[in-house]
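One structure below.
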Amino acid sequence: QTPSGSGDASRDVAAALLAAAASEPGSPVPGTGLPTAGPRMQDVLDPDLPFVVRLHEGFEFWLGEDAERTAEVRDSMERANAAIIPTERLVCVEAAYWCQIGSKTHLRWVLPHPEESFLDGLGRLHARGGSSLGEGTRYVGSFRAHGLIVPVWDLVPGSVADDVEEAAAAFGTRLDEAVADASDLTTDERRARAGVVSRQLTLR
C-alpha cells in the first residue's frame, strides 16, 4: 500500500514483489517511489499455479528468525496484533472468509465472476429473496477492487465459520445458476440489481 501509484497497478505490484524477493528475510521493502517501465504482475507470476492464501494469527511473520526483539519491537508487535480482525477461511468454497469486527460477524467472499454478470445474477437472487446465507443473515453490500467483486454478509451474532459453510456452498450454486441465466431481467430483478449496485464501495 502506497499513497500514490504509477497508474498501472499491475506494474506497481510487480515492482514491490521483485523488491521483496531481493530483500533479506524479515527486512521491510523500501519505498522507492514510482516504478519506471518494467515487468507487470502477470510477467513475474505463473498464472497456471494456484493462488494459496496463508492466514497468520499474528504479525510475527514480519520478523526474521534472527531479528532482535527489543522492547520497542515487542510493543509494536503487540499493538499490531491487537488491531487484527479475527479471520478464518471457509473450506467448502474458494476465497470466502469469516471475520469478526467487534460484536458482529461477517462473511467476505472474493468472487471470480465478471462484475456485470455478478450484478445480474445477484439481482435475480435478491428479487426472489435468495441473496442471504440463511435465517438471521443478510447481504449488506460489496467491495470492488481491480475488477474483483467482494460481497459481504452480516451473519448471526456469535456464529463461527463452521456455521456458514453449508449455506455458503448452497449460495455459490444458486449464484452460478443465476449468473449463467442469459434471459432479460424482469422489472423486479432490475430494481433489485439497482439496489445491489447502490451498495457497492470501490477500493483503490
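So here's what we get for this one:
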read-out: Filter pass, A170 being of a type in the set (G, A, S), closer than 27 Å to C92 by Cβ and loosely packed, with under 11 Cβ neighbours inside 10 Å; value: no
read-out: Condition check for G136: within 20 Å of the chain's Cα centre (by Cα) and at pLDDT below 95; value: no
read-out: Residue satisfying condition, being modelled with pLDDT of 85 or more, over 25 Å from A95 (Cα atoms), over 19 Å from the mean Cα position of the chain (by Cα) and of a type outside the set (S, T, Y), within set D75, D46; value: D75
read-out: Test for G38: is it open to solvent by less than 100 Å² (accessible area, probe 1.4 Å), at pLDDT 85 or above and either of a type in the set (K, R) or outside any helix (DSSP H, G or I) (or both); value: yes
read-out: Hits in the stretch 90-101 - residues which are of a type outside the set (G, A, S), open to solvent by 20 Å² or more (accessible area, probe 1.4 Å) and farther than 12 Å from A167 by Cβ; value: V91, E94, Y97, Q100, I101
read-out: Members of the stretch 102-148 that are aliphatic (A, V, I, L, M), open to solvent by less than 10 Å² (accessible area, probe 1.4 Å) and within 16 Å of R190 (Cβ to Cβ); value: L119, L122, L125
read-out: Sole residue being of a type outside the set (A, V, I, L, M) and under 27 Å from R193 (Cβ atoms), chosen from R74, R89, R69, R124; value: R124
read-out: Long-range neighbours under 8 Å by Cβ, at least six apart or interchain, first residue farther than 27 Å from T87 by Cα within the stretch 29-53, second assigned to a loop (DSSP other than H, G, I, E, B); value: G31/T2; L34/S4; L34/G5; L34/S6; P35/S6; R40/D8
read-out: Any hit, the stretch 60-69, residues being open to solvent by 70 Å² or more (accessible area, probe 1.4 Å), in contact with a helix residue (DSSP H, G or I) (Cβ under 9 Å, 6 or more places away or on another chain), free of Cβ contacts under 8 Å to residues at least 24 places away in the same chain and assigned to a helix (DSSP H, G or I); value: yes
read-out: Selection from the stretch 1-35 of residues that are hydroxyl-bearing (S, T, Y), within 22 Å of A145 (Cα to Cα) and at pLDDT 70 or above; value: S6, S10
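The values are calculated or read from the model by the stated rules, or taken from the named source; none is laboratory data. Not measured: the values here are computed from a predicted model. Ideal geometry is used to build each Cβ from the backbone, glycine not excepted, and the neighbour counts take in all protein chains shown. Please note that ligands, DNA and RNA were not included when accessible areas were found on the heavy atoms of the full protein model with its side chains. Shrake-Rupley method; radii C 1.70, N 1.55, O 1.52, S 1.80 Å.
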